[in-house]
Structures are given as structure tokens and as C-alpha cells.
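A.B. asks: Handing you this structure, nothing more for now.
Quick note: the coordinates plus some simple rules give every number you see, no bench work behind them. The shown structure was predicted, so the numbers you read here are calculated from the model rather than taken from an experiment. Cβ placement follows ideal geometry from the backbone for every residue including glycine, while neighbour counts extend to all protein chains displayed.
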Amino acid sequence: MATYAIGDIQGSYNEFRRLLDLINFNAKDKLWLVGDIVNRGPDSLLLLRFLRAMNDAVVAVLGNHDLHLLMVAEGFAKAQPGDTLQGILNAPDRDELLHWLRHQRLLHVSGEYVMVHAGLLPSWDVTQAAKLAQEVESFLHDEDHKEFRKLCSHMYGNQPDQWNANLKGYERIRVIINAMTRMRVCTYDGRMDFTFKGRAEDIPIGYLPWFDVPGRASKQATVICGHWSALSLQVKSNLIALDTGCMWGGSLTAIRLEDRKIFQVPCAATFEGITH
Ligand SMILES: [Mn+2]
């Protein structure tokens, strides 16, 4: 049995199936997905159906594109240029697929590893981050759906852009979601920026990658993340960043956690244009 963490798939079902062939995936193995499972690529519907059928073999954390799908499906956001979500929205099994997606996690902790789509704010240690993620998951996993719809009506927005333990209500929830699903860079004191998407060498003055903030409280753990395609593959003692730009003609990456062996399949450039 092996555990493979896989980067942002974004509806690239064919590449995902090729990657499973490459790693010789079998029924005893586990797949950890860093989120942005859907959107921009051509086959989000096929991918969601396949993952749902895999059931217990998959642990996924939600990315901004996954939350965007849920928001559009609930009527709280409009489809954006470049979105490829209509197949799911029109599917006869859409409710089952959206239910599966909504019941995934915001953060996954196992042993030395913490998996999150984007990042963790510098002041959050793993224990606190796990508790904060559970606050959001209690909305996501709400069975009668009402609390989740309320969350949707407050989810989008860039403020507040900094954590404060005294935050309450939807402002608190929004900071947690934004850090865990959208952040790439922040200031030394943890103020997030949501506009920068470029290469690490082009980060604006005063900001740094969230994982490079000195004294980051989660640095003893190994954080597995995606979201930042311009960063490319990073495998360090306490960081594994797996978004290798499948959407942009890059590759789809898996890492076998037991020995940190990397597996990659090249991707067709299916999307050029807007990113977020
Ligand atoms: Mn993302």
C-alpha cells in the first residue's frame, strides 16, 4: 500500500488516468488530492464521477475552483470566462456529485503531513489550523444544506485580509477559507495578497511566500499544497508544492509519500488565458 499526493487536476481526466497507470495504482493505495479538482480543463464531469466511485481511496481538500463550482451551483456566483463547469451543472447526477465534493475537507492532517490547497497563515500551528478548518467544514458538511447556503452568501470577498483570533462570524470563516484556498503570498505579519500569481522572483516588495515567513508556526510539519502553478514543483523537508501547471501545458504530478518519488505525465495545453 502506498499513498500518492497529486497536484491540481482541474478537470484533466485523461492526464489523471495516465498518471494512475504510471504509478500502477491498485486498490490498496490511497490518493491525496490537493484540490482544484474541477474547472478550466475539459472533463471535470468524468473526473468527479470517477473520484466519487473510488470513494475510500481518495482524500481531497477543496480548492478555490471547487468552492467556485459549489457557489455557482447554489446560485451565489456566476460562471466566469474560461469556466468549464456546465457539464456538471447539467448532469443528471449533479446533486450526488456536488454532495460528494461538498463533503471533502478543507485541511487533512496525517502524521507529519498537512494537506491544504493554498497555505497556512504564519501564526497558525497545525493544531489550530485543523480546528479552524473544522469550523468551515461544519458549514460544508451540514446535512440539511441550510448552513452551507448561508455560508455561500458570505463566502466571497478579500476582507479581512489578516487573521485575528477575535474575528467572529462570517468574517472569521472568510479569512480561514481565503488563506487555505487562495493565498500565495503574505507580509511578515500575515497580511494576505490575492492579486499576485506570478513567479517567486517577482513577488512585490514587502510580501513573501506564505511558507517562507520566518517563525511560521506550522514549520515542523510537511505541508502538501497546490494552487501556485508559477511556483512549479517544490519538494523540501517541510513543503511539497504540487501544482505543475497541467492547465498550461505543464504536467500533472504525483509524489509517493513513502519514498518521495515523483511521477509526472505531460499535459496538453487546454487552457490559455485567465487564472485565479
Ligand atoms: Mn487554486
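A.B. asks: Which distance in Å, rounded to a whole number, links the C-alpha centroids of the range 162-232 and the range 76-133?
C.D. replies: 16
A.B. asks: Order of 177-184, 199-206, 251-258 by packing, highest average Cβ count within 10 Å first?
C.D. replies: Result, highest mean Cβ count within 10 Å first: 177-184, 251-258, 199-206.
A.B. asks: Further question: Could you tell me which residue out of Cys186, Val265, Gly119 lies farthest along the dipole of the chain toward its positive end? Charges go on the beta carbon: Lys and Arg +1, Asp and Glu -1, centred on the Cα centre.
C.D. replies: About the Cα centre, the residue reaching furthest to the positive side is Cys186.
A.B. asks: Where the convex hull is taken over the Cα atoms of the range 72-186, what is its projected area averaged over directions, in nm²?
C.D. replies: Spelled out: convex hull of the Cα atoms, projected over all directions, averaged, 8.3 nm².
A.B. asks: In debye, nearest 20, what is the charge dipole magnitude of the chain about its Cα centre with +1 on Lys and Arg Cβ and -1 on Asp and Glu Cβ, if you could check?
C.D. replies: Using Cβ point charges on Lys, Arg, Asp and Glu, the chain gives about 200 debye.
A.B. asks: Related question: Where both partners of a DSSP beta bridge lie in the range 3-266, what percent of those bridges are antiparallel, to the nearest 5?
C.D. replies: Within the range 3-266, antiparallel bridges account for around 60 percent of the total.
A.B. asks: Determine, from the Cβ-Cβ distance of Gln234 and Lys131 and an R0 of 35 Å, the FRET efficiency 1/(1 + (r/R0)^6), rounded to the nearest 0.05.
C.D. replies: Given R0 = 35 Å and the Cβ-Cβ separation, E is 0.85.
A.B. asks: Also, quick follow-up: Going by average Cβ neighbours within 10 Å, how do the peptides 127-133, 190-196 rank, with the highest at the top?
C.D. replies: Put in order of decreasing packing, that is 127-133, 190-196.
A.B. asks: Can you give the % of DSSP beta bridges in the range 28-159 that are antiparallel, to the nearest 5?
C.D. replies: Once the DSSP bridges in the range 28-159 are tallied, antiparallel ones form about 50 percent.
A.B. asks: Treating the chain as a set of equal point scatterers at the Cα positions, no solvent, please give the Debye-formula log₁₀ I(q)/I(0) at q = 0.11, 0.13, 0.16 Å⁻¹.
C.D. replies: -0.57, -0.82, -1.31
A.B. asks: Jot down the radius of gyration and Dmax of the range 1-147, Cα atoms only, both in angstrom.
C.D. replies: According to the Cα coordinates of the range 1-147, Rg and Dmax are 15.3, 44 Å.
A.B. asks: For Val58, which sequence-distant residues (separation of 5 or more, or a different chain) have an amide H within less than 5 Å of its own amide H, given hydrogens modelled in the peptide plane?
C.D. replies: Residues meeting the amide H criterion: Leu31.
A.B. asks: If you take every DSSP beta bridge whose two residues both sit in the range 130-276, what share of them, in percent to the nearest 5, is antiparallel?
C.D. replies: 80
A.B. asks: Output wanted: per-residue J couplings in Hz (rounded whole) for the range 213-224, from phi through Karplus 6.51 cos²θ - 1.76 cosθ + 1.60, θ = phi - 60°, x for Gly and Pro.
C.D. replies: With the stated coefficients, the range 213-224 comes to 5, x, x, 3, 5, 9, 5, 6, 8, 9, 8, 9 Hz.
A.B. asks: Here's another thing I want to ask about it. Could you list log10 I(q)/I(0) for the range 192-235 at q = 0.14, 0.15, 0.25 Å⁻¹, which the Debye formula gives when each Cα is one point scatterer?
C.D. replies: -0.36, -0.42, -1.12
A.B. asks: No partner Cβ under 4.7 angstrom, meaning no disulfide-compatible partner by this rule: which Cys of the chain qualify?
C.D. replies: By the Cβ distance rule, which asks for a partner under 4.7 Å, the isolated cysteines are Cys152, Cys186, Cys225.
A.B. asks: Would you mind counting up the charge near Val235? Only other residues with Cβ under 11 Å from its Cβ, with Lys and Arg at +1 and Asp and Glu at -1.
C.D. replies: Combined, the nearby Lys, Arg, Asp and Glu give +3.
A.B. asks: Taking amide H positions as placed 1.01 Å from N in the peptide plane, with prolines and chain starts having none, which residues 5 or more places from His227, or on another chain, fall under 5 Å of its amide H?
C.D. replies: Asp8, Asp243
A.B. asks: Further, regarding this structure: When 1/r is averaged over all different Cα pairs and the result inverted, which Kirkwood radius in Å belongs to the range 161-274?
C.D. replies: 15.6
A.B. asks: When we measure straight from the Cα of Lys261, which lysines land under 20 angstrom away, once same-chain ones fewer than 8 places off are left out?
C.D. replies: Lys28, Lys30, Lys236
A.B. asks: Which percent of Cα pairs goes in each bin when the distances of the range 19-100 are cut into 5 angstrom slices starting at zero?
C.D. replies: Going out from 0 Å in 5 Å bins, the range 19-100 shows 3, 14, 25, 26, 16, 10, 4, 2, 0 percent.
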